[in-house]
Amino acid sequence: MAAPSTPLKNTVKGYATYMGREGHYAFLLHRLTGLGVLLFLTIHILDTATVYFYPSLYEHAIELYRATPFMLGEIGLLFAVIYHGVNGLRIAVTDMWMPKRWAIEKQRKAVRLTLVVAILLWTPGALVMLYNLLLHNFGVDLLAMLPFGK
Amino acid sequence: MIMASKASVKPSFETTAWRFMRYSGILLIPLAWFHVYLQDVIVGVHAIDIDYVAVRLADTGWVIYNFLLLGFAFAHGMYGLRQVMFDLVHKESTRRVLSILMLIFWLVVTAIGATALAMGARPELVQ
């Protein structure tokens with residue numbers, strides 16, 4: 001006999017199998033980036049609070065953030081913060097000023113546009129963070145490698 | 001025709017919370033983006049230490065900026081988490097228990113963050 005269905009199972013199954021294309025992916029990405037940012041934010045508030053509560057611990061926290069896996073995570077965090085904002089703005093602006101644009105074909109285009117805008121806003125920051133990662137953690141100075149570099 | 005917007009109904013908690021999500025979200029776009037771009041991209045984690053934080057927390061403008069971030073971003077995130085939970089849990093009593101736990105968690109973490117912001121860094125205590 002199949003296991004009984006619960007709201008939890010039904011919802012998770014719906015997240016995975018609903019075939020809503022762009023709108024569906026935007027919803028999932030909005031949730032994922034929101035939860036990711038919240039996880040980081042909670043840790044970030046608590047570790048930064050050590051500057052007052054336990055100053056000796058702060059240096060250890062910062063050292064962790066400088067580690068390669070964390071720096072890669074921060075590049076992802078930058079994307080999450082930007083995407084969540086751009087997508088949220090799409091929803092707010094459509095709702096408040098152009099509700100006719102809720103038409104599904106228009107939203108499919110709008111969702112694609114939010115992704116393009118988010119990637120454009122993220123790329124410069126991501127490149128700088130990647131440069132810093134290679135410079136500080138691997139001793140590779142990408143700028144010095146350019147023919148017109150230092 | 002009765003205009004829905006003219007009806008005077010006292011907004012419920014959920015209505016007020018929904019409005020908070022929308023307006024805090026719009027406000028967080030400049031606030032959070034600038035914060036992350038400044039600290040993670042322009043300054044970078046390798047240039048951040050407790051002395052850097054101490055200098056910033058000695059500046060009233062940045063303290064206010066950080067209070068706004070703490071107040072809006074964390075509340076926005078915790079209420080969003082509650083919405084995700086409502087999607088996954090349909091039983092009223094479980095929803096209530098989890099909502100109260102989230103409320104307590106939100107208050108405690110916000111209080112810890114606010115205390116540190118108000119008091120500032122203490123680099124002289126680093127051993």
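Since every read-out is calculated from the coordinates, none of them should be taken as a lab result. Nothing here was measured: the structure is a model prediction, and the numbers come from that model. FYI the Cβ positions are ideal-geometry reconstructions off the backbone, even for glycines, and counts take in every protein chain you see.
Let me confirm one metric for peptide A:36-48, namely the mean number of other chain beta-carbon atoms within 10 Å of its residues' beta-carbons. Could the numbers behind the result be given before it?
Numbers: counts 0, 7, 8, 2, 2, 10, 8, 0, 3, 12, 5, 0, 10.
Mean number of neighbouring Cβ atoms from other chains: 5.
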Task: Segments B:72-80, A:39-47 sorted - mean Cβ within 10 Å per residue, highest first - done: B:72-80, A:39-47
Open item on the list: Can you tell me the orientation of helix A:21-53 relative to chain A, as the angle in degrees between its alpha-carbon axis and the longest Cα principal axis, to the nearest 10?
Closed with: 40
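Can you give the charge dipole size of the protein assembly as shown about its Cα centre, rounded to the nearest 20 debye, using +1 on the beta carbon of Lys and Arg and -1 on the beta carbon of Asp and Glu?
On the way: 23 positive and 16 negative charges, 335 e Å.
Magnitude of the dipole: close to 1600 debye.
Filter the trypsin sites (Lys or Arg not before Pro) in the range B:72-117 to those in DSSP coil with at most 15 other Cβ atoms within 10 Å of their Cβ, and list the result. Could the numbers behind the result be given before it?
Details: sites: B:82, B:91, B:95, B:96; in loops: B:91.
Sites meeting the loop and neighbour criteria: B:91.
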- [ ] Give me the angle, in degrees from 0 to 90, between the Cα long axis of helix A:104-138 and the longest principal axis of the Cα atoms of chain A, rounded to the nearest 10.
- [x] 20
Task: Nitroxide proxy distance, nm - points 7 Å out along Cα→Cβ at residue A:148 and residue A:96 - done: 4.2
Task: Cα-Cα pairs of the range B:46-121 separated by more than 22 Å (percent) - done: 40
Task: Other-chain or far-sequence residues with amide H under 5 Å of residue B:89's (modelled H) - done: none
Task: Euclidean distance between Cα centres, the range A:53-69 to the range B:53-107, Å - done: 23
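Show me the three semi-axes of the equivalent ellipsoid for the range A:69-143, from the C-alpha gyration tensor (sqrt of 5 times each eigenvalue), largest first, rounded to whole Å.
Values: eigenvalues 241, 21, 13 Å².
Here the semi-axes work out to 35, 10, 8 Å.
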TODO: Report the charge-dipole magnitude of the range B:12-108 in Debye, nearest 20, computed about the Cα centre from +1 at each Lys and Arg Cβ and -1 at each Asp and Glu Cβ.
DONE: 480
Open item on the list: Let's test this: bin the Cα-Cα distances of the protein assembly as shown at 5 Å from zero up to the farthest pair and state each bin's percent.
Closed with: 1, 5, 10, 13, 15, 15, 13, 11, 8, 5, 2, 1, 1, 0, 0
TODO: Search the structure for amide H atoms under 5 Å from the amide H of residue A:20, placed 1.01 Å from N in the peptide plane, and list their residues when 5 or more places away or on another chain.
DONE: none
Open item on the list: I need two numbers for the range A:21-145: Rg to one decimal and Dmax as a whole number, Cα atoms only, in Å.
Closed with: 18.3, 56
TODO: Compute the acute angle (0 to 90°) between the alpha-carbon long axis of helix B:60-88 and the principal axis of greatest extent of the alpha-carbon atoms of chain B; round to the nearest 10°.
DONE: 40
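Using only the alpha carbon atoms of chain B, find the Kirkwood hydrodynamic radius as the inverse mean reciprocal pair distance, in angstroms to one decimal.
Values: mean 1/r = 0.0572 Å⁻¹.
By the Kirkwood definition, the hydrodynamic radius is 17.5 Å.
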Task: Separation in nanometres of the label points that stand 7 Å from Cα toward Cβ, at residue B:84 and residue B:16 - done: 2.6
- [ ] Give the residue from A:145, A:131, A:96 lying farthest towards the positive end of the charge dipole for the range A:21-145; charges sit on Cβ (+1 for Lys and Arg, -1 for Asp and Glu) and the dipole is referred to the Cα centre.
- [x] A:96
Open item on the list: Distance between the C-alpha centers of the range B:110-127 and the range A:70-122? Whole Å please.
Closed with: 35
Open item on the list: What's the ranking of A:80-86, B:57-63 by average number of surrounding C-beta atoms within 10 Å, highest first?
Closed with: A:80-86, B:57-63
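Mind ordering A:17-28, B:105-116 by average Cβ neighbours within 10 Å, highest first?
On the way: A:17-28: 13.4, B:105-116: 15.9.
Result, highest mean Cβ count within 10 Å first: B:105-116, A:17-28.
What average number of partner chain Cβ atoms lie no more than 10 Å from the Cβ of the residues making up A:125-134? Before the final figure, lay out the partial values.
Details: counts 6, 1, 1, 5, 4, 0, 1, 6, 3, 0.
Mean partner shielding for this stretch: 3.
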- [ ] Extending each Cα 7 Å along its Cβ direction at residue B:65 and residue B:47, get the distance between those two points in nm, one decimal.
- [x] 1.3
